[in-house]
Structure formats: structure tokens, C-alpha cells
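For reference, the structure discussed in these notes is given below.
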Amino acid sequence: MLQINFRRKPPMDSDPDYWCFLAHFDVEAMAFSDPVFLVPSAYLHRYARHGSRGDAMLFQFKASMEPESRDRWARFRLSRDRLPALPEAPGTLWLMTRVTATRFPMRSAA
């Protein structure tokens, strides 16, 4: 299980071109664990919302890392080998967004 808790003050960046990279980083291996998740911001903001504290919104991303899982985050799961190497790809974020958008056509999360 990958669980990431974070808080954010408004305004939220829920743009269709803004995707969030969520992953576990293994410090001993100095690499991301498989799988990683690339989630549209609007979808993450809608389904990971976990309340508020003061003027900040609280979020909790909780996804199974098992290949057979069918939780709400499974459609955004990618193996590390699907990600381009950063030093070799200056347009990495654009490329990952285009690859994922093609693989996972999105309906509006709003």
C-alpha cells in the first residue's frame, strides 16, 4: 500500500494539463519502487480529499501497489520502465502527460 498525505492551501491547480506524480522512493536502492502513479490533478483533488485544517485542504492518496488491484487508482498505475529517464528527456513532464492521457482517456472529474 502506498499512502501519501499532504495539505494544500487554495487555490488548487486542477488544470487538465497538470498531472501529479506519486511514488515511493526506495532510499537504499536510490530508485522509485514499482509501480508509480501519474494522476490528473482534478481527479486527485476530487478523490483524495480528506478534510481540512484551518485554511488548508487535507489529502490522502492511498493506493494498492499490487498488480491485480482494482482500486480507483489502478488505472493510473505505471511501471517504472514506462517512464523516460530525466537526463535524456528534457520534455519529460509533457511526454508523460501525453502518453498517459492517450492510455487513460479521462472523463471530467468535476
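Given the criterion under 15 Å from L78 (Cβ atoms) and out of contact with any Asp or Glu (no Cβ under 7 Å at 6 or more places or on another chain), identify the matching residue among P10, P35. Before you say what the answer is, go through the steps one by one.
Working: P10 fails: under 15 Å from L78 (Cβ atoms).
Criteria check complete, one pass: P35.
Can you name the number of the only condition in (1) among the polar types (S, T, N, Q); (2) loosely packed, with under 12 Cβ neighbours inside 10 Å; (3) at pLDDT 95 or above that S79 fails?
It is condition (3) that S79 fails.
Can you pull out the residues in the stretch 58-76 that are among the aliphatic types (A, V, I, L, M), out of contact with any Pro (no Cβ under 8 Å at 6 or more places or on another chain) and either under 11 Å from L44 (Cα atoms) or touching a residue at least 60 places away in the same chain (Cβ under 8 Å) (or both)? Outline the logic, then answer.
Our first condition is that a residue be among the aliphatic types (A, V, I, L, M); within the stretch 58-76, this holds for 58, 63, 65, 74.
Subset that is out of contact with any Pro (no Cβ under 8 Å at 6 or more places or on another chain): 58, 63, 74.
The one that is among the aliphatic types (A, V, I, L, M), out of contact with any Pro (no Cβ under 8 Å at 6 or more places or on another chain) and either under 11 Å from L44 (Cα atoms) or touching a residue at least 60 places away in the same chain (Cβ under 8 Å) (or both): A63.
Would you confirm, using the coordinates I've provided, whether A109 is of a type in the set (A, V, I, L, M, F, W, C), surrounded by 13 or more Cβ atoms within 10 Å (Cβ to Cβ) and at pLDDT 90 or above? Walk me through how you get there before you give the answer.
Working: of a type in the set (A, V, I, L, M, F, W, C): yes; surrounded by 13 or more Cβ atoms within 10 Å (Cβ to Cβ): yes; at pLDDT 90 or above: no.
No.
Just one of (1) over 22 Å from D26 (Cα atoms); (2) modelled with pLDDT of 50 or more trips up A63, so point out which.
Condition (1) is where A63 drops out.
The values are calculated or read from the model by the stated rules, or taken from the named source; none is laboratory data. Keep in mind the model is a prediction, meaning the values are calculated, not measured. Here the Cβ is made from the backbone with ideal geometry for all residues, glycine too, and neighbour counts use every protein chain on show.
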